[in-house]
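Reading through the structure tokens given below for one structure.
The values are calculated or read from the model by the stated rules, or taken from the named source; none is laboratory data. Small disclaimer: the values here were computed from a predicted structure and weren't measured. Here the Cβ is made from the backbone with ideal geometry for all residues, glycine too, and neighbour counts use every protein chain on show.
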Amino acid sequence: MANCGSIIVPIYKEKGCTSHDVIEEIRKITKEKRVGHAGTLDPLAEGVLVVGIGRKSTKKLSEIVKKEKEYIATIKLGWRSNTDDEEGKKEKIKVSQKPSKEDILKILSSFEGFIYQRPPDFSAIKVSGVPAYKLARQGKKVILPKRKVYIKKIELIDYHWPYLKIKVVCGKGVYIRSLARDIGEKLATGGYLFDLERVRVGEFEKKDALTIKEFRDRWEKNIFCSQCLFPLER
């Protein structure tokens, strides 16, 4: 399928690999150097990574990254993490009273709409030309300014202390790690992102996403369905 032209395809990124790892695998499979993605997923996260293959499609990625996103997130309360997720150094918080479901619902609703959010210290945002995570790993104090972001909806899926599972529908630039941290702070319990799955980016949904193995098999056999392959004409 070497002469397919420019296409956009949702790939399901598994936990443990980076978004860059996915791009490198796609390059090896397609023999196409011009491959990119619309929105990084952290190594501990899984889910939909929209990949553009070919010159025209990679140019379209800047539009796709602005589209609405949907996540399923699990927050662990009663703890803090210096990376705001499972990867970091953790600190147990003394909690005098566990929040009720009503408390949870009230706090979640307060994060809907336009909010100001401070990105994680361990992020790729550059400070004087250096990624913040590099400075943080060196033990240097990182103070990133808050950013205005939009959260369309937060839905409670499940809550059994200390785990809180939510669905988040949001716009561009929202850090779910920061959201987990801030929810924990507002509940006075502390909290960090324990698990994350991105299930949608715009019209690209989990049900249509291909694993790397599925993509490789279909590429070699020149078999793609309209649900998993998005030509630019669409």
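Restricting the search to the range 1-26, which residues are assigned to a helix (DSSP H, G or I) and acidic (Asp, Glu)?
Asp21, Glu24, Glu25
Table: residues versus (1) under 23 Å from Tyr12 (Cβ atoms); (2) touching a Phe, Trp or Tyr at 6+ places or on another chain (Cβ under 6 Å).
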| residue | (1), (2) |
| --- | --- |
| Gln138 | no, no |
| Lys141 | no, no |
| Glu155 | yes, no |
| His160 | no, no |
| Lys167 | yes, no |
| Leu179 | yes, no |
| Arg198 | yes, yes |
| Gly202 | yes, no |
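Consider the range 140-179. How many of its residues are surrounded by 14 or more Cβ atoms within 10 Å (Cβ to Cβ), charged (D, E, K, R) and either over 17 Å from Lys106 (Cα atoms) or not assigned by TED's automatic domain parsing to the domain that holds Leu193 (or both)?
Looking only at that region, the number is 2.
Could you check the range 124-166 and list, in sequence order, the residues that are closer than 16 Å to Asp182 by Cα and assigned to a loop (DSSP other than H, G, I, E, B)?
Ile143, Leu144, Pro145, Lys146, Pro162
Name every residue in the range 24-54 that is modelled with pLDDT of 95 or more, buried (at least 17 other Cβ atoms within 10 Å of the Cβ) and acidic (Asp, Glu), in order of residue number.
Correct list: Glu25, Glu46.
Considering only the range 27-61, state which residues are touching a residue at least 12 places away in the same chain (Cβ under 8 Å) and assigned to a loop (DSSP other than H, G, I, E, B).
Across the range 27-61, the qualifying residues are Lys31, Glu32, Arg34, Ala38, Gly39, Thr40, Leu41, Asp42, Pro43, Leu44, Ala45, Gly54.
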